[in-house]
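Q: Have a look at this one before I ask anything.
The values are calculated or read from the model by the stated rules, or taken from the named source; none is laboratory data. Predicted model only: the values in this text are computed from it and were never measured. Cβ coordinates were reconstructed from backbone atoms using ideal geometry, including for glycine residues, and neighbour counts include every protein chain displayed.
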């Protein structure tokens with residue numbers, strides 16, 4: 001017979017979870033998303049992000065990583081690595097943390113333990129902090145209930161899209177332009193940058209002030225020397241490239257990378 005998604009598979013205060021509840025509270029759970037392109041021996045200061053959604057704890061974090069068989073494993077050599085989960089994604093009740101590796105972990109400062117042993121009561125609407133100490137770690141998972149379950153893989157594109165709610169790096173070069181616009185005056189060019197919708201209005205930064213070029217439809221090319229970013233919203237931000245020369249007011253054009261691959265970052269991390 002048909003059953004409702006409200007039918008309990010079990011009780012989140014016990015060993016089961018409600019049908020429809022997600023085990024994907026931890027994003028980038030096997031560390032395959034690396035938009036910031038950290039590499040080698042990664043050394044992060046307190047609160048600084050490395051792999052997507054994962055940041056250093058209060059004492060910083062040092063780690064290396066390697067990918068095999070589609071799974072990235074981190075080896076944390078110093079400090080702690082943290083993911084803060086948005087409370088809007090949490091349903092009140094017990095939650096159990098599991099992972100593969102030798103590191104120990106804790107939830108909301110409740111004390112370190114091994115995989116499957118860390119159980120904490122979380123409150124819906126209140127952020128939760130997951131923290132891993134030294135050792136190896138991959139295939140992280142936070143399940144409703146008190147007993148861990150088999151790791152549930154999330155498709156790469158779905159994981160990346162979820163991570164982009166918090167951070168996105170938008171690349172461009174001379175071929176792949178970042179946005180179209182027009183010359184507002186003889187010395188300035190206005191354009192718009194678009195990104196995946198963010199959870200809040202992000203901060204928008206760029207790789208370097210001279211990393212970009214204005215390419216007009218008439219064939220003119222100028223390196224940017226001054227960039228102002230304003231009117232920042234959930235999906236778009238405006239760029240004003242100033243201190244240019246010889247522009248024709250009203251002329252259309254595009255923004256591209258100057259030499260090599262350059263980028264803008266839209267950051268609304270917790």
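Q: Which of the residues that make up segment 43-86 are in a strand (DSSP E or B) and more than 19 Å from residue 32 (Cβ to Cβ)? Walk me through it before giving the result.
A: To start, the set of residues in segment 43-86 that are in a strand (DSSP E or B) comprises 43-44, 49, 55-68, 71-85.
43, 56, 57, 58, 59, 60, 62, 77, 78, 79, 80, 84, listed by residue number.
Q: Does segment 11-26 include one or more residues that are part of a loop (DSSP other than H, G, I, E, B), at pLDDT 95 or above, in contact with a strand residue (DSSP E or B) (Cβ under 8 Å, 6 or more places away or on another chain) and surrounded by fewer than 17 Cβ atoms within 10 Å (Cβ to Cβ)?
A: Our first condition is that a residue be part of a loop (DSSP other than H, G, I, E, B); within segment 11-26, this holds for 11-23, 25-26.
Going one step further and asking which of them are at pLDDT 95 or above, we end up with 25-26.
Add one more test, that the residue is in contact with a strand residue (DSSP E or B) (Cβ under 8 Å, 6 or more places away or on another chain), and what stays is 25-26.
Checking the rest, the ones that are also surrounded by fewer than 17 Cβ atoms within 10 Å (Cβ to Cβ) come to none.
No; the residues of segment 11-26 include none that is part of a loop (DSSP other than H, G, I, E, B), at pLDDT 95 or above, in contact with a strand residue (DSSP E or B) (Cβ under 8 Å, 6 or more places away or on another chain) and surrounded by fewer than 17 Cβ atoms within 10 Å (Cβ to Cβ).
Q: Kindly indicate which of 170, 146, 200 is in contact with a strand residue (DSSP E or B) (Cβ under 6 Å, 6 or more places away or on another chain), in a loop (DSSP other than H, G, I, E, B) and touching a residue at least 60 places away in the same chain (Cβ under 8 Å).
A: After applying the criteria, what remains is 146.
To keep it simple, each residue is scored yes or no on (1) closer than 30 Å to residue 51 by Cβ; (2) surrounded by fewer than 17 Cβ atoms within 10 Å (Cβ to Cβ); (3) within 15 Å of the chain's Cα centre (by Cα).
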residue: 142; (1), (2), (3): yes, no, no
residue: 150; (1), (2), (3): yes, yes, no
residue: 157; (1), (2), (3): yes, yes, yes
residue: 172; (1), (2), (3): yes, no, no
residue: 179; (1), (2), (3): yes, no, no
residue: 219; (1), (2), (3): no, yes, no
residue: 229; (1), (2), (3): yes, yes, no
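Q: With the requirement that a residue be part of a loop (DSSP other than H, G, I, E, B) and surrounded by 21 or more Cβ atoms within 10 Å (Cβ to Cβ), what does segment 87-112 give you?
A: The answer is 103, and nothing else.
Q: Regarding residue 187, is this residue modelled with pLDDT of 95 or more, in contact with a strand residue (DSSP E or B) (Cβ under 8 Å, 6 or more places away or on another chain), surrounded by fewer than 17 Cβ atoms within 10 Å (Cβ to Cβ) and closer than 12 Å to residue 265 by Cβ?
A: no
Q: If I filter segment 134-141 for residues that are assigned to a loop (DSSP other than H, G, I, E, B) and over 22 Å from residue 76 (Cβ atoms), do I get at least one hit?
A: The answer is no, given that none of the residues of segment 134-141 is assigned to a loop (DSSP other than H, G, I, E, B) and over 22 Å from residue 76 (Cβ atoms).
Q: Since residue 146 meets every condition but one in (1) in the same structural domain as residue 49 (by TED's automatic domain parsing); (2) within 23 Å of the chain's Cα centre (by Cα); (3) surrounded by 14 or more Cβ atoms within 10 Å (Cβ to Cβ), which condition does it not meet?
A: Single failed check for residue 146: (2).
Q: Let me ask something else about it. Which of the numbered conditions does residue 95 fail, given that it passes all the others? Conditions: (1) farther than 27 Å from residue 196 by Cα; (2) under 21 Å from the mean Cα position of the chain (by Cα); (3) touching a residue at least 60 places away in the same chain (Cβ under 8 Å).
A: Answer for residue 95: the failing condition is (2).
The rows are residues; the columns are (1) surrounded by 17 or more Cβ atoms within 10 Å (Cβ to Cβ); (2) touching a helix residue (DSSP H, G or I) at 6+ places or on another chain (Cβ under 7 Å); (3) closer than 27 Å to residue 165 by Cβ.
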site	(1), (2), (3)
183	yes, no, no
191	yes, no, yes
200	no, no, yes
211	yes, no, yes
247	yes, no, no
255	yes, no, yes
265	yes, no, yes
